[in-house]
């Protein structure tokens, strides 16, 4: 037993303390956190835009110039573009997508690979966020919009002040789930040589040849960040739902 | 009537597909079994070693292996010409290369059949330690750190690291890498050496030699440090790249095969075969043939 423990502590020393190897993990964690946060933000922005495009009911030409036909064409184009985006992103693996971004689209440029990673992750996440958002908007009863409009609100204000707050509340659990998936999915950025947490564990393993210790360490760190995020967002959800319990 | 025609067509297509999948490989033209007891010849008329004969005496081995009756070799098939994905007649489990050819003969001399398990380079030594593969053969340089974790066989190849750069480079020695972005393959010897250098601006650890050279071609790194043989194989594929040698910074190093620390029986058996292959010139011949 003591021998086993001594052996374990020896390997712990070799894997994390000797040669400051924990710094690999720390640097990797920092990269993972940055890519995750930026990816989530980009995903939300893209997702909202695409969801709006999917539900687009542009009515400008018809209203001001009496040319409703043009509006119809615009709506159709927006819907086709957003549908194509969703279809392509959901129909291809994210690893393949990141390869395409890095080795095809950004190949001749000198954009830092971490930026490429963020774009690839955000672009991928955007499709899923868009579908979640669309589901949220569609889940709100049509009567809410009608009420808002008959109270004299513009369609924009109705969306912003009546429909969206309820929609976001409804889809928050699904959104949280998407963020969690995204954080874990950032492990694929090591495919384009970004030194993230997963890659840090692989590099340590390449130095110490210990089969599981660095990998388990990375797994524990991933678990902890996701746990923190979950706790934080669950609190937020509770706060939002306070008005529900009447 | 129409239905019947469609059915006949479908059956015909399936039959042709089955034939193509299962039987086409069997009647390989030019393939003749040139192995006789204890001797090895180039078996295929396209084989660079066609007609040559190397005598190898079988070695007694009755230890256990990861898969009964098989010698399972862990490798990273991204290291041409030592191991690369291929469907050539000499490929085993779709991997061909110098190491695969050598391992094939070792397995034969030990009375086993070769099986190749392709994995991450960094995963090979852990796999050997865990016993999921019997032997790690991947153009692996014998280093003190690695030797603490696995036993190495007799060295079978002498190599060194080189720098690959674009033709318009101003690199003359490894000291000139200071202030540059240097590409390496994660966990390769080049990675270990460059990680210990001071003053390199950024180390880009790609997943394979091909990817790190692609980074160089695309201008995302200024130089790549990698073993000489794959470097030469890769610059043959890309125009405008050159290799730079620096024997003082990159000492010559020896490739060995990694075997679990407690598996001395396999180690001795493999060493006995390897020594014969070094003595009878097989390793030189096969290396020269694959490096053409």
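Any read-out appearing in this document is the output of simple, stated calculations on the displayed coordinates, not a laboratory observation. The structure presented is a predicted model; accordingly, all values stated were derived computationally and were not measured. Heads up, the Cβs are rebuilt from the backbone with ideal geometry, glycines too, and the neighbour counts pull from every protein chain shown.
For peptide A:184-194, compute the average count of partner chain beta-carbon atoms within 10 Å of each residue's beta-carbon.
Partner Cβ neighbours, averaged per residue: 3.
Calculate log10 I(q)/I(0) of chain B for q = 0.07, 0.13, 0.14, 0.16 Å⁻¹, where I(q) comes from the Debye formula with a single equal point scatterer on each Cα and nothing for solvent.
Taken in order of the listed q values, log10 I(q)/I(0) reads -0.32, -0.92, -1.03, -1.24.
For the protein assembly as shown, take the alpha-carbon Rg, divide it by the Kirkwood Rh, and send me Rg/Rh.
1.08
Per the Kirkwood definition applied to all pairs of different Cα atoms, how many angstroms is the hydrodynamic radius of segment A:126-211?
Evaluated over segment A:126-211, this radius sits at 16.0 Å.
Stokes-Einstein D for chain A at 37 °C, 0.692 mPa s, Kirkwood Rh over Cα pairs, in µm²/s?
Reported coefficient: 156 µm²/s.
Compute the acute angle (0 to 90°) between the alpha-carbon long axis of helix B:264-279 and the principal axis of greatest extent of the alpha-carbon atoms of chain B; round to the nearest 10°.
90 degrees
Which order, highest average first, do A:126-136, B:63-73 follow once you tally other Cβ atoms within 10 Å for each residue and take the mean per peptide?
By packing density, highest mean first, the sequence is A:126-136, B:63-73.
Report the per residue volume, in Å³, of the convex hull enclosing the C-alpha atoms of segment A:175-223.
On the way: hull volume 3.3 nm³, N = 49.
Hull volume over Cα atoms, normalised by residue count, gives 66 Å³.
Any idea what the relative contact order of chain A is, in percent, if you count C-alpha pairs under 8 Å spaced at least 6 apart?
Computed value for chain A: 29 percent relative contact order.
For segment B:82-240, what is the convex hull (Cα atoms) projected area averaged across all directions, in square nanometres?
10.2 nm²
Compute the distance in nm between two label points, each set 7 Å from the Cα along the Cα-to-Cβ direction, one at residue A:142 and one at residue B:245.
8.0 nm
Over all distinct alpha-carbon pairs, what is the Kirkwood Rh of segment B:190-242 in angstrom?
Answer for segment B:190-242: a Kirkwood hydrodynamic radius of 11.6 Å.
Using only alpha carbon positions, build the gyration tensor of segment B:156-292, then give the equivalent ellipsoid semi-axes as the square roots of 5 times its eigenvalues, largest first, whole angstrom. Please report the intermediate quantities before stating the final value.
Values: eigenvalues 193, 61, 34 Å².
So the three semi-axes of segment B:156-292 are 31, 17, 13 Å.
So what does log10 I(q)/I(0) come out to for segment B:53-169 at q = 0.12, 0.23 Å⁻¹, using the Debye formula with one equal point on every Cα and no solvent?
So the normalised log intensities work out to -0.46, -1.48.
Could you give me the radius of gyration and the Dmax of segment B:229-292, taking only the C-alpha atoms into account and expressing both in angstrom?
Answer for segment B:229-292, Rg first and Dmax second: 16.4, 48 Å.
How much mean residue ellipticity at 222 nm does the protein assembly as shown get from its helices, if each DSSP H run of length 4 or more adds -39500 (n - 2.57) and you divide by all residues, to the nearest 500 deg cm²/dmol?
Helices in the protein assembly as shown give a 222 nm mean residue ellipticity of -17000 deg cm²/dmol.
Starting from 0 in steps of 5 Å, tell me what percent of the Cα-Cα pairs of segment A:30-74 lands in each bin.
5, 21, 15, 12, 11, 10, 8, 7, 6, 4, 1
Could you check the spin-label model distance between residue B:7 and residue B:218? Points 7 Å from the Cα along Cα→Cβ, value in nm.
5.4 nm
Expressed as an acute angle from 0 to 90° and rounded to the nearest 10, what is the orientation of the C-alpha long axis of helix A:213-241 relative to the principal long axis of chain A?
The angle comes out near 30 degrees.
For the pair residue A:109 and residue B:196, what calculated FRET efficiency results from E = 1/(1 + (r/R0)^6), where r is the Cβ-Cβ distance and R0 = 41 Å, to the nearest 0.05?
Efficiency, from the Cβ-Cβ distance: 0.85.
Please compute one quarter of the surface area of the Cα convex hull for segment A:16-124 and express it in square nanometres.
9.6 nm²
Just counting partner chain Cβ atoms within 10 Å, what average do the residues of peptide A:205-217 show around their Cβ? Display every interim value, and only then the final one.
Values: counts 6, 13, 7, 5, 14, 4, 9, 2, 0, 2, 1, 0, 0.
Partner Cβ neighbours, averaged per residue: 5.
Quick one: if you stick a label point 7 Å off each Cα along the C-beta vector at residue B:52 and residue B:172, how many nm between them?
Going by the 7 Å Cα→Cβ label model, 3.9 nm.
What's the whole-number percent of alpha carbon pairs in segment B:103-172 lying beyond 20 angstrom?
46 percent
Output the relative contact order of chain B, whole-number percent, from Cα pairs under 8 angstrom with separation of 6+ residues. Could the numbers behind the result be given before it?
On the way: 535 pairs, mean separation 62.4, N = 292.
After rounding, I find 21 percent.
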